[in-house]
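Colleague: One structure follows; several queries about it will come next.
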Amino acid sequence: MMCGNCSASDPGRGTPSPARRGLGEEVFAQDQRPLTLVLSRGNGGTLSYSLRSPSADTVAGDTLDPASHRLWSPGIKLDVQPGSFFHTTECFGPVLGLMRAEDIEEAIALANAVPFGLTGGIHTLDDREIVRWQEQIQVGNAYVNRPITGAVVRRQPFGGWKASNVGPGAKAGGPNYVLQLGTWRQVDLPTQQADPASVVATVLERCQHRSGDAHTQALWQASARSYAWAWQRHYGQEHDPSQILGELNLFRYRPVRGILVRVEAATATVPLVQVVLAALTCEAPLTISLSPDRDNWDWLADLSPVQVIVEDEASLIARLNAPDAVYDRLRALGPLSTALRRALNEAGISVVDTPVLANGRLELRYYLREQALSQTVHRYGNVMKTYR
């Protein structure tokens, strides 16, 4: 793919040459000033940022290829400051930025402070630091004591978190990638079931008393029990299908940062209850945006993992970009207005608008983020005693 003001490879010379085709509203341009990144906007204006700044020293990387003026030599940027451009921006160039942290907690906080979350790694022989980092790092692909590139299908399914992810988030090379390519509908109630957690059973009991319809009660009961089975047998487990001696290649799930549901006056109660049951099963933070003219929602009271906000659609749209409104996905229970869809898109919130299913293996994936964790567990070919 080529775009105006970008470089493309010239097979005849082996060096970049100017592309001839424009694409998109914002593209990167090469500038001949040392270590300066220039962003060209669609309105003809430009923004520039120097990779050299008073707050950081560049010890290498200020050399341009004399023939094309389009290739930089690799560089290292020292003393990058928290919150600076180079800290919070993905710069796909040959410059490595270094930051100083006093301890593992500060290092994790600096890594998680960026809006992206594709790949991360740590090198340490302290098992306590490894455990803490694995539990707190916000990336889709995590590596311990090994290189952080070269993901292999199934061994390290590839895909990121936060702004490094678009859509429902199924990793390429993972067990759920093909599932997202189809549309599923409920035909029969699931038969693979287990006992739900106590908080799920409490909600189920509340709702069962509210409906006199036997079919609805059976659907809610089967949903809760299927969600429990899927969590206990699959989503709540760590999987290592590769089983390579000297390595751990774990595939696991973590709750989304937040899932949003919009409930209008005409929104059906049946799928809403299913969404609440699913979110509670996965321990995913759930926010229900409730229309002021919606009644009969007292069954949601006193559910601490669930937040209910009574607001009109305009108020919801206004707060989507607020710092405290952190949602990865919206689970749609019906048609969404164009204005709301546009606001969700601008806020980077993925919309899941497929039918809500009673089958836990299919439904719970919308409330979770996938993570591939790869760890070297040998020293110079000798497998560590803990992992034998």
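The values are calculated or read from the model by the stated rules, or taken from the named source; none is laboratory data. None of the values given here were measured: they were computed from a predicted structure. With ideal geometry, Cβ positions are generated from the backbone for all residues, glycine too; neighbour counts draw on all protein chains shown.
Colleague: Anything in segment 304-327 that is touching a strand residue (DSSP E or B) at 6+ places or on another chain (Cβ under 9 Å) and either among the aromatic types (Phe, Trp, Tyr) or assigned to a loop (DSSP other than H, G, I, E, B) (or both)? List them, or say none. It would help to see each step written out before you state the result.
Modeller: Let us first name the residues in segment 304-327 that are touching a strand residue (DSSP E or B) at 6+ places or on another chain (Cβ under 9 Å), namely 305-311, 313, 315-316, 319-320, 325, 327.
Within segment 304-327, PRO305, GLU311, LEU320, ALA325, TYR327 meet the criteria.
Colleague: Any idea which residue in segment 265-274 is surrounded by the fewest Cβ atoms within 10 Å (Cβ to Cβ), counting only those that are at pLDDT 95 or above and of a type outside the set (Val, Ile, Thr)?
Modeller: This residue is PRO271.
Every residue, every condition in (1) β-branched (Val, Ile, Thr); (2) in contact with a Ser or Thr (Cβ under 7 Å, 6 or more places away or on another chain); (3) at pLDDT below 95; (4) surrounded by fewer than 19 Cβ atoms within 10 Å (Cβ to Cβ), yes or no:
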position: CYS207; (1), (2), (3), (4): no, no, yes, no
position: ALA218; (1), (2), (3), (4): no, no, no, yes
position: GLN221; (1), (2), (3), (4): no, no, no, yes
position: ALA228; (1), (2), (3), (4): no, yes, no, no
position: HIS239; (1), (2), (3), (4): no, no, no, yes
position: VAL256; (1), (2), (3), (4): yes, no, no, no
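Colleague: Which condition number in (1) surrounded by 14 or more Cβ atoms within 10 Å (Cβ to Cβ); (2) over 24 Å from the mean Cα position of the chain (by Cα) is the one that ASP293 fails?
Modeller: (1)
Colleague: Which one of these does TRP299 not meet: (1) in contact (Cβ under 8 Å) with a residue 40 or more places away in the chain; (2) among the hydrophobic types (A, V, I, L, M, F, W, C); (3) out of contact with any Lys or Arg (no Cβ under 7 Å at 6 or more places or on another chain); (4) over 18 Å from GLN186 (Cβ atoms)?
Modeller: (3)
Colleague: Being under 17 Å from the mean Cα position of the chain (by Cα) and at negative phi narrows it down to one residue among TYR387, TYR367; which is it?
Modeller: Details: TYR387 fails: under 17 Å from the mean Cα position of the chain (by Cα).
TYR367 is the lone residue from the list that is under 17 Å from the mean Cα position of the chain (by Cα) and at negative phi.
Colleague: Another one. Give the residues of segment 334-360 that are more than 22 Å from PRO323 (Cα to Cα) and not in a helix (DSSP H, G or I), sorted by residue number. Full working, then the answer.
Modeller: Quick first cut of segment 334-360, residues more than 22 Å from PRO323 (Cα to Cα) only: 334-338, 352-360.
Listed by number, the residues that qualify are GLY334, PRO335, LEU336, SER337, VAL352, ASP353, THR354, PRO355, VAL356, LEU357, ALA358, ASN359.
Colleague: I need a count of the residues in segment 245-268 that are in contact with a helix residue (DSSP H, G or I) (Cβ under 9 Å, 6 or more places away or on another chain) and without any contact (Cβ under 8 Å) to a residue 40 or more places away in the chain.
Modeller: Number satisfying all stated conditions: 0.
Residue-by-condition table, conditions (1) hydrophobic (A, V, I, L, M, F, W, C); (2) within 25 Å of GLY160 (Cβ to Cβ); (3) without any contact (Cβ under 8 Å) to a residue 60 or more places away in the chain:
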site: LEU179; (1), (2), (3): yes, yes, no
site: VAL187; (1), (2), (3): yes, no, yes
site: THR191; (1), (2), (3): no, no, yes
site: ASP213; (1), (2), (3): no, no, yes
site: GLN217; (1), (2), (3): no, no, yes
site: ALA222; (1), (2), (3): yes, no, no
site: TYR235; (1), (2), (3): no, yes, no
site: GLN243; (1), (2), (3): no, no, yes
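Colleague: Conditions: (1) farther than 24 Å from GLN375 by Cα; (2) among the small types (Gly, Ala, Ser); (3) in contact with a strand residue (DSSP E or B) (Cβ under 9 Å, 6 or more places away or on another chain); (4) not in a loop (DSSP other than H, G, I, E, B). ALA142 meets all but one. Number of the miss?
Modeller: Evaluating ALA142 over (1) farther than 24 Å from GLN375 by Cα; (2) among the small types (Gly, Ala, Ser); (3) in contact with a strand residue (DSSP E or B) (Cβ under 9 Å, 6 or more places away or on another chain); (4) not in a loop (DSSP other than H, G, I, E, B) leaves (1) as the failure.
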